[in-house]
Amino acid sequence: MKAIAVTPGKPDSAHLVEMRTPEVSDVPNGRGVLVRVLRVGVDGTDKEINAAEYGQAPPGFDFLVTGHESFGQVEAVGSEVTHVKPGDYVVATVRRPGHSIYDLIGTSDMTTDSTYYERGINLLHGYLAEYYVDDAEFIVKIPQGLKEVGVLLEPMTVVQKGITQAYEIQRRLRVWKPKRAAVMGAGTIGLLATLVLTLRGLEVITFGKTPKPYLNSDLIEALGATYVTSDELPVAESPKRYEGGFDLIFEATGYSPIVFDSMQALAKNGVLVLSSVTGGDRRVEVPADKINLGFVLGNKVMVGTVNANREYFEAGVRDMSQAELEYPGWLSRLLTHPVRGLENYRELLDKLTNAKDAIKVYCQVAE
Ligand code: BGC
Ligand code: ZN
């Protein structure tokens, strides 16, 4: 079968490889699920992997098959697999267990190991291929009614984990009832965070860079949320307009200085969720005393979040289902840039790096 791979360590090395088609029996104990890949989304992580800033090949290979945002249809299952059957639509999780206690209890997204295993990202081949096989434990069923938008589930899980963790942390307050949230960034993750927080009944203000109107601001307003640019309302100043600040802030800009502005926009007892994977080495000067004082006197919390385990994939399916009922067609408007066929990997990467109006770029691997 064909697959799209990079040579880790070599910038802009994307190429097609020919590989053995996997089989259900590659997974022991009758637990294999063989999946025909239909769509695979790409994101900033794929950009960094192709730029050789990130990603390692699996042991024994000099290439890494990329792609971690999967969507496909079950082709065959092993004898012990009961929760999916041939024909079902499925998405696979990304990280695989390492050795820490968190990995052992099914929460590899919380691993404390220094090495982590992620399909399409680090040490394991990804999904930009015609087929993949995996253990049933890592395969999540997608309802028929979500098949057009199923490729958005993986980015959705990153949001689900961050928000679930925030609520979990806030149980410390016993009576926490968040009313107003801010989302930093109006890209795919920012849009999905705006959706999830809106579905939870919060008033949401989403901060972007591009002046409205454009597709992303339209999508935010279609949810009844508010779009502002950080030029017209600097984040650190925003509690002047939004009195008291925000009960929950979800940061997803990829621009780390915004973190320190967000810390100043957080309400008393608020929680700030950081989700941007910032590989660079940017430095900034911050009003350290002021930020620290606000955190101390306001009992505030800041938490980092990465990856997502099965629980968040299942929660993501529920929120996407609710979204389709409340805001029909909204999710599919995020699928802006399809690229047909694995062989058009150049076009895929070109759109990922250059398409200014892109929300989700994805490869339509098969119909
Ligand atoms: C993926 C996550 C992954 C993270 C770090 C993100 O793009 O969506 O699943 O854990 O990169 O590698
Ligand atoms: Zn990703």
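The values are calculated or read from the model by the stated rules, or taken from the named source; none is laboratory data. This structure is a prediction, so every number in the text was calculated from the model and none was measured. Here Cβ is always computed from backbone atoms with ideal geometry, including for glycine, and neighbour counts include all displayed protein chains.
Summary of computed values
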| quantity | calculated |
| --- | --- |
| Given (1) touching a residue at least 12 places away in the same chain (Cβ under 8 Å); (2) out of contact with any Asp or Glu (no Cβ under 9 Å at 6 or more places or on another chain); (3) more than 22 Å from T226 (Cα to Cα), number of the condition A186 does not satisfy | (3) |
| Per-region count, the range 338-350, residues surrounded by fewer than 19 Cβ atoms within 10 Å (Cβ to Cβ) and either within 21 Å of G44 (Cβ to Cβ) or touching a residue at least 60 places away in the same chain (Cβ under 8 Å) (or both) | 6 |
| Any hit, the range 282-292, residues being in contact (Cβ under 8 Å) with a residue 60 or more places away in the chain and either surrounded by 17 or more Cβ atoms within 10 Å (Cβ to Cβ) or assigned to a helix (DSSP H, G or I) (or both) | no |
| Whichever residue in the range 186-206 is surrounded by 24 or more Cβ atoms within 10 Å (Cβ to Cβ) and touching a Gly at 6+ places or on another chain (Cβ under 7 Å) and, among such residues, is farthest from A358 (Cα to Cα) | T206 |
| Qualifying positions in the range 1-49 - in contact with a Ser or Thr (Cβ under 7 Å, 6 or more places away or on another chain) and within 15 Å of H125 (Cα to Cα) | M1, I4, A5, V6, T7, V37, V40, D46, I49 |
| Residue that is under 20 Å from Y102 (Cβ atoms), surrounded by 14 or more Cβ atoms within 10 Å (Cβ to Cβ) and at pLDDT 95 or above, where the choices are V303, V317 | V303 |
| From the options V277, V228, residue that is more than 22 Å from the chain's Cα centre (by Cα) and either of a type in the set (K, R) or within 30 Å of S332 (Cα to Cα) (or both) | V228 |
| Check on G41, within 14 Å of ligand 1 (Cβ to nearest atom), part of a loop (DSSP other than H, G, I, E, B) and buried (at least 19 other Cβ atoms within 10 Å of the Cβ) | no |
| F260 vs. criteria in a helix (DSSP H, G or I) and either aromatic (F, W, Y) or assigned by TED's automatic domain parsing to the domain that holds A358 (or both) | yes |
| Candidate set: the range 8-35, residues that are surrounded by 17 or more Cβ atoms within 10 Å (Cβ to Cβ) and either part of a helix (DSSP H, G or I) or of a type outside the set (A, V, I, L, M) (or both); chosen: the one farthest from ligand 1 (Cβ to nearest atom) | V24 |
| Selection count, the range 178-195, where residues are more than 16 Å from ligand 2 (Cβ to nearest atom) and either out of contact with any helix residue (DSSP H, G or I) (no Cβ under 7 Å at 6 or more places or on another chain) or assigned to a helix (DSSP H, G or I) (or both) | 5 |
| Single residue of the range 88-117 satisfying the filter (among the charged types (D, E, K, R) and farther than 23 Å from G150 by Cα) that is surrounded by the most Cβ atoms within 10 Å (Cβ to Cβ) | D103 |
| Condition met for G244 (surrounded by fewer than 15 Cβ atoms within 10 Å (Cβ to Cβ) and either hydrophobic (A, V, I, L, M, F, W, C) or on the phi > 0 side of the Ramachandran plot (or both)) | yes |
| Which numbered condition L272 fails, given (1) aliphatic (A, V, I, L, M); (2) without any contact (Cβ under 8 Å) to a residue 60 or more places away in the chain; (3) within 16 Å of ligand 2 (Cβ to nearest atom) | (3) |
| Pair list, Cβ under 9 Å, 6 or more apart: the range 39-57 residue touching a residue at least 40 places away in the same chain (Cβ under 8 Å) and basic (K, R), other residue assigned to a helix (DSSP H, G or I) and within 14 Å of ligand 2 (Cβ to nearest atom) | R39/V151; K47/L352 |
